[in-house]
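Structure first, then comments.
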Amino acid sequence: MGADLAIKNLHVNVEGQEILKGLNFEMNRGQVHAIMGPNGSGKSTLANTLMGHPAYEVTAGEIWFKGENLVGLTADARARLGLFLAFQYPSSIPGVSVANFLRTAINARHEQADGGDNGNGQPRGISMRDFRKLLKEKMAMLQMDPSFARRYLNEGFSGGEKKRMEILQMALLQPEIAILDETDSGLDIDALRIVSEGVNELMSPNLGVLVITHYQRILNYISPEYVHILLGGRIVMTGGPELALQLEERGYDWVKEAVNK
């Protein structure tokens, strides 16, 4: 049986320039993988391509998830299958409250899988009572004030609040593979610890986490089983947690020399 997520010979163009150049990668639910690389190596391109961002053109290769090739599927179809992306720079949406956004997202995530309706021909969704209970529980886990639920999504939020908001979405949507795209960027130590503890709280045999990062520090809190180095649009080296420590001490030049880049 193959991996839950398998990327094979992936080539991706952005605005006519090839960024990913034959990337191969596999992971399963229940695992934590980290992908590290210098700026411009293709880390965020990989994250956005996995989630189906239309600006990222797959010119060759396959992305297999739960037995289905994702290439060509829309972002919402991928989300319903169980993929999730926590953004590096979450957007603000004035006029849309956190609570309304999250309840709508939960219903959209599960409507296809559920297939039922409420008797009026409309998809059956989570009840308001159940939603409020779930939201309160997950916000407490992330040390978020309950008043956040009434605020507009990310409007006036600090960097740490925006990242906690991303992990709150992850907690409520219950994905099977979660991609954290440089979630640590812009966070102070306290915010990084709270966000990381939230991710660790959600870990289970049904959830795989892919941490994409430039720095080792988030890996002090979210411990990966595998660390992969992305250079020049390919994964060029794989190891255990000690590989991240080597990068912290020595930078990326030794990796470039080792792979003749």
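The values are calculated or read from the model by the stated rules, or taken from the named source; none is laboratory data. Fair warning: this is a prediction, and the values are worked out from it, not measured in the lab. Every residue, glycine as well, gets a Cβ built from its backbone with ideal geometry; the counts of neighbours run over all protein chains shown.
For LEU210, all conditions in the list (1) at pLDDT 95 or above; (2) surrounded by fewer than 22 Cβ atoms within 10 Å (Cβ to Cβ); (3) within 18 Å of the chain's Cα centre (by Cα) hold save one; what is the number of the exception?
Checking LEU210 against (1) at pLDDT 95 or above; (2) surrounded by fewer than 22 Cβ atoms within 10 Å (Cβ to Cβ); (3) within 18 Å of the chain's Cα centre (by Cα), the one that fails is (2).
Go through (1) buried (at least 16 other Cβ atoms within 10 Å of the Cβ); (2) more than 23 Å from PHE65 (Cβ to Cβ) one by one and return the number of the condition ASN200 breaks.
Status for ASN200: all satisfied but (1).
Determine whether segment 82-89 contains at least one residue that is out of contact with any helix residue (DSSP H, G or I) (no Cβ under 7 Å at 6 or more places or on another chain), surrounded by 12 or more Cβ atoms within 10 Å (Cβ to Cβ), modelled with pLDDT of 95 or more and under 30 Å from TRP64 (Cα atoms).
Yes, that holds for at least one residue.
Being closer than 16 Å to LEU23 by Cα and of a type outside the set (Val, Ile, Thr) is the filter here, so list the residues in segment 227-253 that pass it.
HIS228, LEU230, LEU231, GLY232, GLY233, ARG234, MET237
Which residue pairs have Cβ atoms under 9 Å apart, sit 6 or more places apart or on different chains, and have a first residue in segment 184-196 that is under 14 Å from SER223 (Cα atoms) and a second that is of a type in the set (Asp, Glu) and part of a helix (DSSP H, G or I)?
VAL195/GLU166
Only residues that are closer than 30 Å to MET139 by Cβ and surrounded by fewer than 22 Cβ atoms within 10 Å (Cβ to Cβ): list them for segment 223-251, please.
Across segment 223-251, the qualifying residues are SER223, GLU225.
GLY30 versus (1) on the phi < 0 side of the Ramachandran plot; (2) over 11 Å from the mean Cα position of the chain (by Cα): which is the lone unmet condition?
The single condition GLY30 does not satisfy is (1).
Any residue in segment 80-92 that's in a loop (DSSP other than H, G, I, E, B) and acidic (Asp, Glu): show its pairings with residues that are modelled with pLDDT of 95 or more and surrounded by fewer than 20 Cβ atoms within 10 Å (Cβ to Cβ) at Cβ separation under 9 Å, as long as the two are six or more apart or on different chains.
Nothing qualifies.
Can you confirm whether segment 167-180 contains a residue that is over 22 Å from ASN107 (Cβ atoms), of a type in the set (Gly, Ala, Ser) and either touching a helix residue (DSSP H, G or I) at 6+ places or on another chain (Cβ under 8 Å) or outside any loop (DSSP other than H, G, I, E, B) (or both)?
no
Report whether or not ASN48 is in contact (Cβ under 8 Å) with a residue 12 or more places away in the chain and surrounded by fewer than 16 Cβ atoms within 10 Å (Cβ to Cβ).
no
Going through segment 203-244 one residue at a time, which ones are β-branched (Val, Ile, Thr) and more than 27 Å from GLN174 (Cα to Cα)? Write out each step before concluding.
Initial filter on segment 203-244 (β-branched (Val, Ile, Thr)): 209, 211-213, 218, 222, 227, 229, 235-236, 238.
Selection gives ILE229, ILE235, VAL236, THR238.
Assess whether ASN39 counts as being within 27 Å of GLU161 (Cα to Cα), polar (S, T, N, Q) and touching a residue at least 40 places away in the same chain (Cβ under 8 Å).
Details: within 27 Å of GLU161 (Cα to Cα): yes; polar (S, T, N, Q): yes; touching a residue at least 40 places away in the same chain (Cβ under 8 Å): yes.
Against the criterion (within 27 Å of GLU161 (Cα to Cα), polar (S, T, N, Q) and touching a residue at least 40 places away in the same chain (Cβ under 8 Å)), ASN39 qualifies.
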